[in-house]
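Inspection log for the structure reproduced underneath, given as structure tokens.
The values are calculated or read from the model by the stated rules, or taken from the named source; none is laboratory data. What you see is a predicted model, and the numbers here were worked out from it, not measured in a lab. Neighbour counts are summed over all protein chains in view; Cβ atoms, including those assigned to glycine, are modelled from backbone coordinates with ideal geometry.
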Amino acid sequence: MSQNLVHKILADHLVSGELVQGEEIEIKIDQTLMHDGTGQMATLQFEAIGLDRVKTDLSVTYTDHNTLQVAFMNMDDHHFLASSGRKFGIHYSKAGNGICHQVHLERFSKPGNVLLGADSHTTTSGGVGMLAIGAGGLNIAAAMAGLPFTMVVPKVVKVELKGCLPVWSSAKDLALEILRNYDVSGGRGRILEFVGEGVSTLSATERATITNMSLESGAMTSIFPSDGLTKRYFKAQKREKDWLELSADPDAEYDEEIVIHLSKIEPMAAKPHSPGNVALVSDLSDINVHQVAIGSCTNSSLQDMIKVASILKGHRVPSEMSLVIAPGSRQVLKALTECGALADMIAAGARIAESTCGFCVGVGQAPRSEGVSVRTSNRNFPGRSGTKDAQVYLVSPETAAATALSGKLTDPRTLGEPASITLPEVFPVDDSMVIQPAPQGEAVEIIRGPNIAPLPEFEPMQDVLEGPALLCLGDGVSTDDILPSGAEVFSLRANIPAISKYVFRPVDPDFHDRAKAAQTSFIIGGENFGQGSSREHAVLAPRYLGVRAVMAKSFARIFKSNLVNFGILPLEIEGDTDHIHIKQDHRIKIEGIHQALNQGSDITVHNLNTGKSFDCKIDLSSKLREILLEGGLLASIRNKI
């Protein structure tokens, strides 16, 4: 039977269930990925499961999010992650080695493998033919314990690429075109599979840019075939042995199909404050720009960086412009040094930042008050940059470089003919900053500083819950709204009692105290609740504060999974939320929870202030409802192991 590429990989990893769209299946995980924003909890959770060694083919922890050592907490985390990695069999990429997705693409990706990562942009490795899926940290802990990953078979969308990109249009512009059509939730329940003649015109890292950014559509992941261009990339990485040719069958079937003519792609920008708020750069005129930031896991490859250097060469940014450039990995930084491109960047007035996530997650390089910042990263939610009133635009490296030189948001096509660039046949490979695990059986002490707090434990689901609706929110609530980014908050990722003080701070500075006083509470929301980062802390910290149910019209995939993982009811409101008549601090009562979960029935929510009731749907499989009853995934795993 003919198969698309997604189904080929799923079939090869199928543990249980039927490969039918909408059905729940379990799949084997080959590799896991986590970083110093998610790895602390995932490691503590793995340790709590009670195994001595990971059971995956490869597990890697990267230090890339939290490298601005504002106090002892960051280094506490790093030493904890490094030492626990040596003990449990997890490779550890040191600070300065690079951004997790860029380094994993370079050094560890494998076509045909399944990668599960505690970061939503794990999808980057789909650019070389991996099925790469973002998930919560507890799912990664379970995968490291050798347990299969549970998922609902998504729709597979055939994205046929025709022709080739025009001069000055880039892979980032193609990704923004996808977002212009899908917005930030249109891809939910889907995997995008790229096919067609246009695929052969895109390099491996250009494909990775597309799979990284198309995640913002709400898609589970996206994937390209592994072909001769993929082989060339692996050969340049001295990893040709890891390459495997892989593609869909010629007559493969898909659930949906779209066609994109690459020749029609123009330079684009996502306007404030959403990756889906996309417009043509040519339609955005007279926008004065104060800062340009080039890098992030979306656009920090050597190809991107050399393009930027070629635009900047021989020019100087205006005196009032702040230009920061962060190469994606130590390998990229070394190659830029060797070819002279780094000198061109510096001569143009660029500040060269460490090879980390940095500005993308609000760790350094915050714009000025009311500043306009043009960035090559993947998200521009309010306040994510570190400045609440900043206006952040997302663009390609070419548009960013052109903008840095002019001081205004600039269409790069105004620069004339681009300079031709050449990439080395072999990249400067150096894995010395990846610390290998200790041999199995060797005694390793896990280093736990005072910032490594004990893992919170939660009771099983109660049959009756009663408490106030602490917040009533609208559509598009992101994980940044729930738990902010930034150096201060990142330094507390291993300390749930401390980080819980920041829950919903951008929305309600008093939320922590009100939640602690309530003991049991609820949150009300609209469409696509929990969009954005995979950070399970945006669920774990509210659960620690007593949030027991979130009622919304719809949920982002990873956030909904995290709610189940930590024993919070994800209740879906049908119809317009106006009919539920709930206002902030109204007292809510939910009863008969056990019966509803056991039977898969709707659940009735009572508003004790108004005396009115309404039904919510629990759209979960029987297995996930059982996990909720047990109090979350960790409790469920412990009960089984």
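Give the range 464-488 a look and list any residue that's part of a loop (DSSP other than H, G, I, E, B) and not aliphatic (A, V, I, L, M), or say none.
GLY474, ASP475, GLY476, PRO484, SER485, GLY486 - these are the residues of the range 464-488 that are part of a loop (DSSP other than H, G, I, E, B) and not aliphatic (A, V, I, L, M).
Mind checking which strands (runs of 3 or more DSSP E) fall wholly inside the range 250-368 and carry at least 1 residues that are within 25 Å of ALA95 (Cβ to Cβ) and hydrophobic (A, V, I, L, M, F, W, C)?
291-294, 322-325
Which of the numbered conditions does ILE558 fail, given that it passes all the others? Conditions: (1) under 24 Å from PRO154 (Cα atoms); (2) surrounded by fewer than 17 Cβ atoms within 10 Å (Cβ to Cβ).
For ILE558, the failing item is (2).
Just the residues that are touching a helix residue (DSSP H, G or I) at 6+ places or on another chain (Cβ under 6 Å) and within 19 Å of HIS78 (Cα to Cα), please, taken from the range 477-511.
Within the range 477-511, SER485, VAL489, SER491, LEU492, ARG493, ALA494, ILE496, ILE499 qualify.
Determine whether PRO424 is part of a loop (DSSP other than H, G, I, E, B), touching a His at 6+ places or on another chain (Cβ under 7 Å) and either of a type in the set (S, T, N, Q) or farther than 20 Å from VAL564 by Cα (or both).
It is false that PRO424 is part of a loop (DSSP other than H, G, I, E, B), touching a His at 6+ places or on another chain (Cβ under 7 Å) and either of a type in the set (S, T, N, Q) or farther than 20 Å from VAL564 by Cα (or both).
Quick one: in the range 133-155, which of the residues that are among the β-branched types (Val, Ile, Thr) and not in a helix (DSSP H, G or I) is nearest to ILE90 (Cα to Cα)?
ILE133
Do we find a residue being acidic (Asp, Glu) and touching a His at 6+ places or on another chain (Cβ under 8 Å) anywhere in the range 448-466?
yes
Looking for something among the charged types (D, E, K, R) and either closer than 24 Å to ILE603 by Cβ or modelled with pLDDT under 90 (or both) - is there at least one such residue anywhere in the range 556-570?
yes
So in the range 344-393, with the set limited to residues that are among the aromatic types (Phe, Trp, Tyr) and under 20 Å from HIS35 (Cβ atoms), which one is surrounded by the most Cβ atoms within 10 Å (Cβ to Cβ)?
PHE359
Can you confirm whether SER222 is in contact with a Phe, Trp or Tyr (Cβ under 9 Å, 6 or more places away or on another chain), in a helix (DSSP H, G or I), closer than 29 Å to GLY276 by Cβ and among the polar types (S, T, N, Q)?
no
Would you say LEU229 is out of contact with any strand residue (DSSP E or B) (no Cβ under 9 Å at 6 or more places or on another chain), of a type in the set (A, V, I, L, M), surrounded by fewer than 22 Cβ atoms within 10 Å (Cβ to Cβ) and touching a residue at least 24 places away in the same chain (Cβ under 8 Å)?
Yes; evaluated as a whole, the condition is true for this residue.
Counting only residues that are modelled with pLDDT of 95 or more, surrounded by 21 or more Cβ atoms within 10 Å (Cβ to Cβ) and not aliphatic (A, V, I, L, M), how many does the range 245-302 have?
So the answer is 9.
Residue-by-condition table, conditions (1) within 25 Å of ARG379 (Cα to Cα); (2) touching a helix residue (DSSP H, G or I) at 6+ places or on another chain (Cβ under 9 Å):
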residue: THR205; (1), (2): yes, yes
residue: GLU216; (1), (2): yes, yes
residue: ILE223; (1), (2): yes, yes
residue: LYS238; (1), (2): no, no
residue: SER247; (1), (2): no, yes
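Residues that are within 25 Å of the chain's Cα centre (by Cα), at least 1 per element: which strands (runs of 3 or more DSSP E) completely within the range 537-641 meet that?
Fully inside the range 537-641 and qualifying: 547-552, 569-573.
Tell me whether the range 561-577 contains one or more residues that are surrounded by fewer than 18 Cβ atoms within 10 Å (Cβ to Cβ) and charged (D, E, K, R).
Checked against the condition, which is being surrounded by fewer than 18 Cβ atoms within 10 Å (Cβ to Cβ) and charged (D, E, K, R), the range 561-577 yields at least one hit.
Given the conditions (1) touching a residue at least 24 places away in the same chain (Cβ under 8 Å); (2) closer than 29 Å to SER478 by Cα, which single one is not true for ASP283?
Of the numbered conditions (1) touching a residue at least 24 places away in the same chain (Cβ under 8 Å); (2) closer than 29 Å to SER478 by Cα, the odd one out for ASP283 is (1).
Would you mind finding the one in HIS65, HIS13, HIS7, HIS35 that is touching a residue at least 40 places away in the same chain (Cβ under 8 Å) and surrounded by fewer than 23 Cβ atoms within 10 Å (Cβ to Cβ)?
So the residue among HIS65, HIS13, HIS7, HIS35 that is touching a residue at least 40 places away in the same chain (Cβ under 8 Å) and surrounded by fewer than 23 Cβ atoms within 10 Å (Cβ to Cβ) is HIS13.
Quick check on my filter: what residues within the range 407-417 are touching a residue at least 24 places away in the same chain (Cβ under 8 Å) and out of contact with any Ser or Thr (no Cβ under 7 Å at 6 or more places or on another chain)?
Within the range 407-417, GLY407, LYS408, ARG413, LEU415, GLU417 qualify.
Condition test on LEU455, is it farther than 30 Å from ASP286 by Cβ, hydrophobic (A, V, I, L, M, F, W, C) and part of a loop (DSSP other than H, G, I, E, B)?
Yes: the conditions hold for LEU455.
Let me confirm something: among ARG535, ARG514, which residue is in contact (Cβ under 8 Å) with a residue 24 or more places away in the chain, among the basic types (Lys, Arg) and under 17 Å from LEU473 (Cβ atoms)?
ARG514
Scanning for something under 24 Å from GLU488 (Cβ atoms), buried (at least 21 other Cβ atoms within 10 Å of the Cβ) and either under 29 Å from the mean Cα position of the chain (by Cα) or at pLDDT below 95 (or both), does the range 317-333 turn up at least one residue?
So far as the range 317-333 goes, yes, one or more of its residues are under 24 Å from GLU488 (Cβ atoms), buried (at least 21 other Cβ atoms within 10 Å of the Cβ) and either under 29 Å from the mean Cα position of the chain (by Cα) or at pLDDT below 95 (or both).
Rundown of residues vs (1) at pLDDT 95 or above; (2) among the β-branched types (Val, Ile, Thr), yes/no style:
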position: MET1; (1), (2): no, no
position: ILE9; (1), (2): yes, yes
position: ASP12; (1), (2): yes, no
position: HIS35; (1), (2): yes, no
position: THR38; (1), (2): no, yes
position: GLN45; (1), (2): yes, no
position: THR56; (1), (2): yes, yes
position: GLN69; (1), (2): no, no
position: MET75; (1), (2): no, no
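How many residues are in a strand (DSSP E or B), among the aliphatic types (A, V, I, L, M), in contact (Cβ under 8 Å) with a residue 60 or more places away in the chain and in contact with a Ser or Thr (Cβ under 9 Å, 6 or more places away or on another chain) when one looks only at the range 156-194?
Looking only at that region, the number is 4.
I'm told VAL464 meets every condition in (1) in contact with an Asp or Glu (Cβ under 6 Å, 6 or more places away or on another chain); (2) without any contact (Cβ under 8 Å) to a residue 12 or more places away in the chain except one. Can you identify the failing condition by its number?
(2)
Scan LEU105, LEU68 and give me the residue that is of a type in the set (A, V, I, L, M) and under 21 Å from SER222 (Cβ atoms).
LEU105
Can you tell me how many residues in the range 616-641 are charged (D, E, K, R) and crowded, with 16+ Cβ neighbours inside 10 Å?
Residues that pass the stated criteria total 2.
When the range 587-607 is examined, which residues are found to be surrounded by fewer than 18 Cβ atoms within 10 Å (Cβ to Cβ) and of a type outside the set (Val, Ile, Thr)?
ARG587, LYS589, GLU591, GLY592, HIS594, GLN595, ASN598, GLN599, GLY600, SER601, ASP602, HIS606
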